[in-house]
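The values are calculated or read from the model by the stated rules, or taken from the named source; none is laboratory data. Quick caveat, the model's predicted, so the values are computed rather than measured. Reconstructed Cβ throughout: ideal geometry from the backbone, glycine too, with neighbour counts over all protein chains shown. The protein model used for the area step is the full one, side chains on, heavy atoms only, and it has no ligands, DNA or RNA in it. Shrake-Rupley method; radii C 1.70, N 1.55, O 1.52, S 1.80 Å.
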Amino acid sequence: MNTIMNFKRSPLPLEKMKALLPMAKKQYQEASPFPHIVFDDFFHPEVTERLLSEFPGKNDINWINFKDNKQVKFANEDEANMSPFTRYVLHSLNSSMFLEFLEELVGIPDLLSDPSFIGGGMHNIFRTGKLGIHIDFNKHPKYGLYRRLNLLLYLNKDWKEEFGGHIEFWDPSVKKCVKRISPIFNRMVIFTTTATSFHGHPDPLNCPPERSRKSLALYYYTVKQEKRKAPHSTVFRNRPGEKEDSPNKIKKYFSSLLKL
């Protein structure tokens, strides 16, 4: 415990990572609707317990506030707003040791991490928040690198099914949801980002007002594209039967939920 808490060794579970690879590589490539894997209890619990204990509340830092008809969430990519231990873990996930693990796991060589955490870092979503079904921006706005991989680490203890907030993976035509993954504590989800890796949690969060859906998010890149395609920002898609709601309609809906 003290060796982790006092930064005397890496928070990465190095022996576990080595043992996971043989089976995890096959699972990753065979996953549907696009390559992905779910690791439960990946980190030593004392690592994630400390991450959670130091996770800032709604009014503790100057969060980036995304609020429109497709997304209602808070994000922070500024290291100045993170605890030293949180930075320590994020830097470990950006390290060469972890990049080598990812390269073998997913079969993508020459991965690069993002020290600026653009679009990633810390995500915090409160009751009625959501993130519509989308594909991610595919080119780093600062470094010009091509996005290839997403990593999400969830920090939600005692998370109940009825709270919602499941990340959903949809088929390439956005006709049906193929997989739903609950954002439970110490669960890490890794998936390949492509032109058809549609995902999100499109239904408003139904957790108690004092709770929120907390996660760390990291993205990984390569110098070259897998296939030649034009750069684009985040692209949202409607689910079957889902209409393009106006911001006012969304606002009224959220207000009604808060009164439940």
Residues satisfying the stated conditions in the stretch 190-241, i.e. assigned to a loop (DSSP other than H, G, I, E, B), basic (Lys, Arg) and out of contact with any Ser or Thr (no Cβ under 9 Å at 6 or more places or on another chain): 211, 224, 228, 229, 237, 239
Breaking point among (1) within 15 Å of the chain's Cα centre (by Cα); (2) open to solvent by 10 Å² or more (accessible area, probe 1.4 Å); (3) under 24 Å from residue 200 (Cβ atoms), for residue 114: (2)
Residue match in the stretch 20-29 (condition: open to solvent by less than 70 Å² (accessible area, probe 1.4 Å) and out of contact with any helix residue (DSSP H, G or I) (no Cβ under 9 Å at 6 or more places or on another chain)): no
Lone qualifier among 234, 196, 192 - being touching a helix residue (DSSP H, G or I) at 6+ places or on another chain (Cβ under 9 Å), polar (S, T, N, Q) and more than 25 Å from residue 87 (Cβ to Cβ): 192
Conditions (1) open to solvent by 40 Å² or more (accessible area, probe 1.4 Å); (2) outside any loop (DSSP other than H, G, I, E, B): number failed by residue 153: (1)
Total residues in the stretch 137-178, condition within 22 Å of residue 238 (Cβ to Cβ) and out of contact with any strand residue (DSSP E or B) (no Cβ under 8 Å at 6 or more places or on another chain): 3
Of all residues making up the stretch 33-60, the number that are open to solvent by 20 Å² or more (accessible area, probe 1.4 Å), farther than 25 Å from residue 74 by Cβ and within 18 Å of the chain's Cα centre (by Cα): 4
Residue ID - least open to solvent (accessible area, probe 1.4 Å), chosen from residues in the stretch 167-189 that are part of a loop (DSSP other than H, G, I, E, B) and free of Cβ contacts under 8 Å to residues at least 60 places away in the same chain: 183
Count - residues of the stretch 118-127 that are open to solvent by 10 Å² or more (accessible area, probe 1.4 Å) and either at pLDDT below 95 or in a loop (DSSP other than H, G, I, E, B) (or both): 3
Test: residue 147 is in a strand (DSSP E or B), among the charged types (D, E, K, R) and out of contact with any Phe, Trp or Tyr (no Cβ under 7 Å at 6 or more places or on another chain): no
Of all residues making up the stretch 66-95, the number that are touching a strand residue (DSSP E or B) at 6+ places or on another chain (Cβ under 6 Å) and either of a type in the set (S, T, N, Q) or buried (at least 18 other Cβ atoms within 10 Å of the Cβ) (or both): 9
